[in-house]
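Heads up, the thing below is written out as C-alpha coordinates.
The values are calculated or read from the model by the stated rules, or taken from the named source; none is laboratory data. Keep in mind that what you see is a predicted model, and the values were worked out from it rather than measured. Glycine gets a Cβ as well: all are built from the backbone with ideal geometry, and neighbour counts include every protein chain shown. Keep in mind that these areas ignore ligands, DNA and RNA; they rest on the heavy atoms of the full protein, side chains included. Shrake-Rupley method; radii C 1.70, N 1.55, O 1.52, S 1.80 Å.
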Amino acid sequence: GAGATPNRVDSLFVERGDLVSRGQLLGYLSGYAEQVAQREMFGAQLNEAKRRLETVTALNLALIEQAEIRQRQALEVTPLRISAQESLVARLEAALSNDKDVLATQLELYRNGNTTRRLRDDRQTLVRQDEFDLSAARAHLLELKQQFELDKLDAEIQLRLAKATLERAEAEIPV
(Lines give C-alpha, C1' and ligand atoms only; values in the text may rest on other atoms or scores of the structure.)
Protein backbone atom coordinates (compact mmCIF):
# COMPACT_ATOMS: atom_id res chain seq x y z
CA GLY A 1 0.00 0.00 0.00
CA ALA A 2 0.98 3.65 -0.17
CA GLY A 3 3.58 4.55 2.43
CA ALA A 4 4.44 0.93 3.19
CA THR A 5 8.11 0.15 3.36
CA PRO A 6 9.31 -2.42 0.86
CA ASN A 7 9.99 -5.84 2.35
CA ARG A 8 13.65 -6.85 2.48
CA VAL A 9 15.13 -10.17 3.37
CA ASP A 10 15.93 -10.08 7.06
CA SER A 11 16.95 -13.70 7.65
CA LEU A 12 17.91 -16.34 5.09
CA PHE A 13 17.98 -20.03 6.07
CA VAL A 14 19.46 -21.47 2.85
CA GLU A 15 22.64 -20.81 0.90
CA ARG A 16 22.94 -20.20 -2.81
CA GLY A 17 22.77 -23.56 -4.57
CA ASP A 18 21.08 -25.49 -1.71
CA LEU A 19 18.33 -27.87 -2.70
CA VAL A 20 14.98 -26.82 -1.31
CA SER A 21 11.63 -28.54 -1.19
CA ARG A 22 8.15 -27.20 -1.70
CA GLY A 23 6.82 -25.49 1.45
CA GLN A 24 10.23 -25.24 3.07
CA LEU A 25 10.83 -22.01 5.01
CA LEU A 26 13.61 -20.12 3.23
CA GLY A 27 13.81 -17.04 5.40
CA TYR A 28 11.97 -14.06 6.85
CA LEU A 29 11.32 -10.65 5.40
CA SER A 30 11.99 -7.55 7.46
CA GLY A 31 9.11 -6.72 9.78
CA TYR A 32 8.22 -10.38 10.30
CA ALA A 33 8.63 -10.22 14.09
CA GLU A 34 6.36 -7.16 14.22
CA GLN A 35 3.77 -8.94 12.07
CA VAL A 36 3.85 -11.99 14.35
CA ALA A 37 3.51 -9.78 17.43
CA GLN A 38 0.66 -7.85 15.83
CA ARG A 39 -1.13 -11.08 14.85
CA GLU A 40 -0.77 -12.39 18.43
CA MET A 41 -2.07 -9.07 19.81
CA PHE A 42 -5.09 -9.19 17.48
CA GLY A 43 -5.72 -12.81 18.49
CA ALA A 44 -5.61 -11.86 22.18
CA GLN A 45 -7.99 -8.93 21.55
CA LEU A 46 -10.36 -11.21 19.68
CA ASN A 47 -10.32 -13.76 22.52
CA GLU A 48 -10.94 -10.99 25.05
CA ALA A 49 -13.85 -9.65 22.97
CA LYS A 50 -15.32 -13.17 22.73
CA ARG A 51 -15.09 -13.62 26.51
CA ARG A 52 -16.64 -10.19 27.07
CA LEU A 53 -19.47 -10.97 24.67
CA GLU A 54 -20.13 -14.34 26.34
CA THR A 55 -20.21 -12.70 29.77
CA VAL A 56 -22.39 -9.79 28.70
CA THR A 57 -24.71 -12.15 26.83
CA ALA A 58 -25.05 -14.45 29.85
CA LEU A 59 -25.77 -11.47 32.12
CA ASN A 60 -28.37 -10.02 29.78
CA LEU A 61 -30.04 -13.38 29.21
CA ALA A 62 -30.34 -13.67 33.00
CA LEU A 63 -31.86 -10.18 33.13
CA ILE A 64 -34.32 -11.16 30.39
CA GLU A 65 -35.27 -14.29 32.32
CA GLN A 66 -35.74 -12.25 35.49
CA ALA A 67 -37.92 -9.75 33.62
CA GLU A 68 -39.99 -12.58 32.14
CA ILE A 69 -40.53 -14.01 35.64
CA ARG A 70 -41.63 -10.61 36.94
CA GLN A 71 -43.98 -10.30 33.98
CA ARG A 72 -45.45 -13.76 34.64
CA GLN A 73 -45.90 -12.87 38.30
CA ALA A 74 -47.68 -9.66 37.38
CA LEU A 75 -49.93 -11.40 34.86
CA GLU A 76 -50.61 -14.64 36.75
CA VAL A 77 -50.26 -14.09 40.50
CA THR A 78 -51.65 -10.59 40.98
CA PRO A 79 -55.02 -11.41 39.32
CA LEU A 80 -55.40 -14.23 41.87
CA ARG A 81 -54.82 -11.73 44.69
CA ILE A 82 -57.37 -9.40 43.14
CA SER A 83 -59.88 -12.23 42.87
CA ALA A 84 -59.33 -13.20 46.51
CA GLN A 85 -59.81 -9.57 47.56
CA GLU A 86 -63.00 -9.31 45.49
CA SER A 87 -64.30 -12.40 47.31
CA LEU A 88 -63.44 -10.81 50.65
CA VAL A 89 -65.31 -7.62 49.67
CA ALA A 90 -68.36 -9.68 48.67
CA ARG A 91 -68.25 -11.61 51.96
CA LEU A 92 -67.95 -8.38 53.96
CA GLU A 93 -70.83 -6.81 52.02
CA ALA A 94 -73.00 -9.82 52.84
CA ALA A 95 -71.97 -9.71 56.51
CA LEU A 96 -72.72 -5.98 56.70
CA SER A 97 -76.12 -6.48 55.10
CA ASN A 98 -76.95 -9.26 57.58
CA ASP A 99 -75.70 -7.24 60.57
CA LYS A 100 -77.78 -4.22 59.46
CA ASP A 101 -80.88 -6.43 59.31
CA VAL A 102 -80.14 -7.75 62.80
CA LEU A 103 -79.54 -4.16 64.01
CA ALA A 104 -82.89 -3.06 62.58
CA THR A 105 -84.52 -5.88 64.51
CA GLN A 106 -82.60 -4.92 67.67
CA LEU A 107 -83.68 -1.28 67.29
CA GLU A 108 -87.33 -2.31 66.95
CA LEU A 109 -87.03 -4.61 69.95
CA TYR A 110 -85.37 -1.81 71.93
CA ARG A 111 -88.15 0.66 71.04
CA ASN A 112 -90.68 -1.86 72.26
CA GLY A 113 -88.68 -2.50 75.44
CA ASN A 114 -87.95 -6.12 74.55
CA THR A 115 -84.12 -5.90 74.58
CA THR A 116 -81.41 -4.08 76.44
CA ARG A 117 -79.60 -0.97 75.41
CA ARG A 118 -76.34 -2.96 75.66
CA LEU A 119 -77.44 -5.46 72.98
CA ARG A 120 -78.56 -2.58 70.75
CA ASP A 121 -75.23 -0.75 71.25
CA ASP A 122 -73.22 -3.92 70.63
CA ARG A 123 -75.07 -4.47 67.34
CA GLN A 124 -74.49 -0.83 66.30
CA THR A 125 -70.77 -1.22 67.08
CA LEU A 126 -70.66 -4.41 65.03
CA VAL A 127 -72.28 -2.64 62.04
CA ARG A 128 -69.78 0.24 62.29
CA GLN A 129 -66.91 -2.28 62.43
CA ASP A 130 -68.34 -4.08 59.38
CA GLU A 131 -68.53 -0.76 57.52
CA PHE A 132 -64.92 0.01 58.44
CA ASP A 133 -63.74 -3.48 57.40
CA LEU A 134 -65.60 -3.23 54.11
CA SER A 135 -64.17 0.21 53.41
CA ALA A 136 -60.63 -1.03 54.10
CA ALA A 137 -61.17 -4.12 51.92
CA ARG A 138 -62.46 -1.98 49.04
CA ALA A 139 -59.48 0.37 49.37
CA HIS A 140 -57.10 -2.60 49.31
CA LEU A 141 -58.88 -3.98 46.25
CA LEU A 142 -58.46 -0.66 44.47
CA GLU A 143 -54.79 -0.60 45.48
CA LEU A 144 -54.26 -4.13 44.12
CA LYS A 145 -55.90 -3.22 40.81
CA GLN A 146 -53.83 -0.06 40.41
CA GLN A 147 -50.64 -1.90 41.39
CA PHE A 148 -51.50 -4.60 38.87
CA GLU A 149 -51.59 -2.06 36.06
CA LEU A 150 -48.29 -0.54 37.18
CA ASP A 151 -46.65 -3.96 37.57
CA LYS A 152 -47.73 -4.97 34.06
CA LEU A 153 -46.19 -1.81 32.62
CA ASP A 154 -43.02 -2.15 34.69
CA ALA A 155 -42.56 -5.80 33.75
CA GLU A 156 -42.99 -5.01 30.05
CA ILE A 157 -40.51 -2.14 30.25
CA GLN A 158 -37.96 -4.25 32.15
CA LEU A 159 -38.25 -7.01 29.56
CA ARG A 160 -37.82 -4.59 26.65
CA LEU A 161 -34.89 -2.94 28.41
CA ALA A 162 -33.13 -6.24 29.03
CA LYS A 163 -33.60 -7.30 25.40
CA ALA A 164 -32.39 -3.93 24.11
CA THR A 165 -29.33 -4.07 26.37
CA LEU A 166 -28.48 -7.50 24.98
CA GLU A 167 -28.87 -6.28 21.39
CA ARG A 168 -26.69 -3.24 22.13
CA ALA A 169 -23.98 -5.40 23.70
CA GLU A 170 -23.98 -7.73 20.72
CA ALA A 171 -23.65 -4.74 18.38
CA GLU A 172 -20.92 -3.06 20.44
CA ILE A 173 -18.78 -6.18 20.73
CA PRO A 174 -18.25 -7.32 17.15
CA VAL A 175 -16.81 -10.79 17.10
**Asked** Rounded to a whole number, what % of the accessible area of the chain do carbon and sulfur atoms account for, probe 1.4 Å?
**Response** 53
**Prompt:** Which aspartates and glutamates, on any chain, are close to Lys145 with Cα under 12 Å apart, when same-chain ones fewer than 8 places away are left out?
**Reply:** Glu86
**Message:** Multiplying the sequence separation of Leu161 and Arg52 by 0.36 nm and subtracting their Cα-Cα distance, what value in nm do you get?
**Reply:** 37.3 nm
**Prompt:** With every protein chain present, what accessible area does Thr125 have (1.4 Å probe, heavy atoms only), rounded to the nearest 10 Å²?
**Reply:** 70
**Item:** the chain, relative contact order [Cα under 8 Å, separation at least 6], %
**Value:** 32
**Asked** In what order, largest first, do Thr78, Thr55 sit by accessible area if the probe radius is 1.4 Å?
**Response** Thr55, Thr78
**Request:** Calculate, in nm to one decimal, what Thr115 and Leu29 gain on full extension: separation in residues at 0.36 nm each, minus their alpha carbon distance.
**Result:** 19.2 nm
**Item:** Ser135/Leu107 FRET efficiency (R0 30 Å; Cβ-Cβ; nearest 0.05)
**Value:** 0.85
**Message:** Once each part is reduced to its C-alpha centroid, what is the distance from segment 99-151 to segment 44-78 in angstrom?
**Reply:** 51
**Message:** Give the aspartates and glutamates whose C-alpha is closer than 14 Å to that of Lys50, dropping any in the same chain fewer than 8 places away, or say none.
**Reply:** Glu170, Glu172
